[in-house]
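Each reported figure results from applying straightforward, stated rules to the coordinates on display, with no laboratory input. The shown structure was predicted, so the numbers you read here are calculated from the model rather than taken from an experiment. Glycine gets a Cβ as well: all are built from the backbone with ideal geometry, and neighbour counts include every protein chain shown.
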Amino acid sequence: MPWVEGHDEQSTRDFLARSEAKWASGEVFTYAVVPDGTPVGMCQTYRWDGSAGWRLGYWLHPAAAGRGIATRATAALVAEMFALPHVAYLEITHDLANTASSAVPRRLGFTEVRREPAPPPAAPSGVGVDVVWRLDRPAPSAP
Ligand SMILES: CC(C)(COP(=O)(O)OP(=O)(O)OC[C@H]1O[C@@H](n2cnc3c(N)ncnc32)[C@H](O)[C@@H]1OP(=O)(O)O)[C@@H](O)C(=O)NCCC(=O)NCCS
C-alpha cells in the first residue's frame, strides 16, 4: 500500500496515537493481529455511512500470509461489529487485482455489490478499480 513507503518507528508511534484517539471518538477501531504473541498485522473498521455502515480492512506481514490469519481476524471483527446494535451492514473493498484480499470477504459470506473507480492514492500493483463487498446484519433467529 502507498502508505507503507517511508514507514519507520516514529510513523508507527504517530499511527498508534491517532488510532487511540479515533477509537476514543468511535470513528475507527483498529486491532493488532497477534496469533501467538507476536504482532503480524492489523485489522481495522471505520465508520462509513453514519453509524449503520462500516468498512473493514486487513493487512498482514508477508510471512504471516497463506495461513488463514486474515480470514480469522476479519471474522472476529465481523462478530464484534454485529454485537453493536446500530451496525446494519459491513463492507470490504479492495483493488480488482488484489485476489488475496478478495478471498477474505468471499470466505466470510460477503456478496460483491459493485465495482467503482478507486480513490487515489492507488497501490502500484492495483488497476484502479475497487470491488465492493457487503454483508448485512444477520436476521435475528426465531425465538
Ligand atoms: C490481503 C491479505 C491480508 C490476505 O492474506 P492471506 O494470507 O491471503 O489471507 P488469509 O490469512 O485469510 O489466508 C488465506 C490463505 O490461507 C489458507 N488457509 C489455511 N487455513 C485456512 C483457514 N482456516 N481459513 C482460511 N484460509 C486458510 C487459504 O487456503 C489461503 O491460501 P491460498 O491463498 O493459497 O488459497 C494479505 O495478502 C495482505 O496483507 N496483503 C497486503 C495488504 C492488503 O492488500 N490488504 C487488503 C487491502 S484491501
Practice task
Give me the orientation-averaged projected area of the Cα convex hull of the stretch 77-135, in nm², one decimal.
Solution key: 4.4
Problem - Positive-end extreme of charge dipole, the stretch 28-136 - chosen from Leu60, Thr93, Leu135 (charges on Cβ) - result: Leu60
Practice task
Take each of the peptides 51-58, 132-139, average the number of other beta-carbon atoms within 10 Å over its residues, and list them starting from the highest.
Solution key: 51-58, 132-139
Problem - Cα centroid separation - the stretch 81-143 against the stretch 27-45, whole Å - result: 18
Completion exercise
Note to self, the chain gives a 222 nm [θ] from helices alone (DSSP H runs n ≥ 4, -39500 (n - 2.57) apiece, / all residues, nearest 500) of -9000 deg cm²/dmol
